[in-house]
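Asks: First the structure, then my questions, so here it is.
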């Protein structure tokens, strides 16, 4: 049997916008990604690359340009074998100090001498998002380091790789619940929980905000986007104990004004805002 061949779509885009675009390409059916300094590649079996998918890709890029008009987003195509891009992708994922004293390490990298004494999050991203390479994840980790207290119960909504649930436990939380609505994230979360030896402290739930277990959480973290926060913030806020905290990220700095309007009558009030490049995260408290 001949090896399967894959079509590589390479989009010229700066690194700080790549994770956002990768999420949209994943929704189109691309099943792997390779990040470089100035380009993002997505891969799909060559038999699935057709005129309809090309049209949907170009529509996606037009929409992206409208949101970020300074980006040109030129793309090119190439045919490759699976093994070529998979090995290259693994080489592209490095150890990251995502927050002071917190590093994110894929399983195929060795710890460095200077990492001794730091909290190590062993994360293999597979097809999920949340590796510590993106600003929104780093901002969440910084706020978790600031606000997680021993014995807390934490909800990680939109969990992806499970990185924020894992970090919460390693920072002292007694238990965490990781919720995601994409079934392909679940095996990745399970694998990462085992690798970090926290599987007994983290419950995994496949579903939406309505499926979140009925507990009173001390802290909820949601690294999603503004439209999703708009849909779920009221539901999540009701699951916070009085005085409980919510951390929201996946936000551009331009999202902060509409977010404040959303939260006006929600019973949760801003406590802290941090930013990195054009991304923001906010800590809120239930009053």
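The values are calculated or read from the model by the stated rules, or taken from the named source; none is laboratory data. Given the structure is predicted, the values throughout are model-derived calculations rather than measurements. Cβ coordinates were reconstructed from backbone atoms using ideal geometry, including for glycine residues, and neighbour counts include every protein chain displayed.
Asks: Which condition does residue 214 not pass, out of (1) surrounded by 15 or more Cβ atoms within 10 Å (Cβ to Cβ); (2) at pLDDT below 90; (3) not in a helix (DSSP H, G or I), if it passes all the others?
Replies: Going through (1) surrounded by 15 or more Cβ atoms within 10 Å (Cβ to Cβ); (2) at pLDDT below 90; (3) not in a helix (DSSP H, G or I) one by one, residue 214 breaks only (1).
Asks: Check whether at least one residue in the stretch 250-270 is more than 18 Å from the chain's Cα centre (by Cα), at negative phi and modelled with pLDDT of 95 or more, and report yes or no.
Replies: No, the stretch 250-270 contains no residue that is more than 18 Å from the chain's Cα centre (by Cα), at negative phi and modelled with pLDDT of 95 or more.
Asks: Look at residue 111 and say whether it is in a loop (DSSP other than H, G, I, E, B) and either without any contact (Cβ under 8 Å) to a residue 24 or more places away in the chain or under 20 Å from residue 20 (Cβ atoms) (or both).
Replies: Criteria met by residue 111.
Asks: Starting from residues that are at pLDDT below 80 and not in a helix (DSSP H, G or I), keep the ones in the stretch 16-33 and report whichever is nearest to residue 73 (Cα to Cα).
Replies: The residue in question is 33.
Asks: Could you pull out the residue among 165, 173 that is part of a loop (DSSP other than H, G, I, E, B) and in contact with a strand residue (DSSP E or B) (Cβ under 9 Å, 6 or more places away or on another chain)?
Replies: Sole residue among the options that is part of a loop (DSSP other than H, G, I, E, B) and in contact with a strand residue (DSSP E or B) (Cβ under 9 Å, 6 or more places away or on another chain): 173.
Asks: Please go through the stretch 219-243 and give me each residue that is in a strand (DSSP E or B) and either at pLDDT below 90 or crowded, with 21+ Cβ neighbours inside 10 Å (or both), ordered by number.
Replies: If the condition is that a residue be in a strand (DSSP E or B) and either at pLDDT below 90 or crowded, with 21+ Cβ neighbours inside 10 Å (or both), then 219, 220, 221, 222, 223, 240 are the ones that fit.
Asks: For the stretch 244-278, enumerate the residues that are over 18 Å from residue 143 (Cα atoms) and either touching a strand residue (DSSP E or B) at 6+ places or on another chain (Cβ under 6 Å) or surrounded by fewer than 19 Cβ atoms within 10 Å (Cβ to Cβ) (or both).
Replies: Residues satisfying the conditions are 254, 257, 258, 260, 261, 262, 264, 265, 266, 267.
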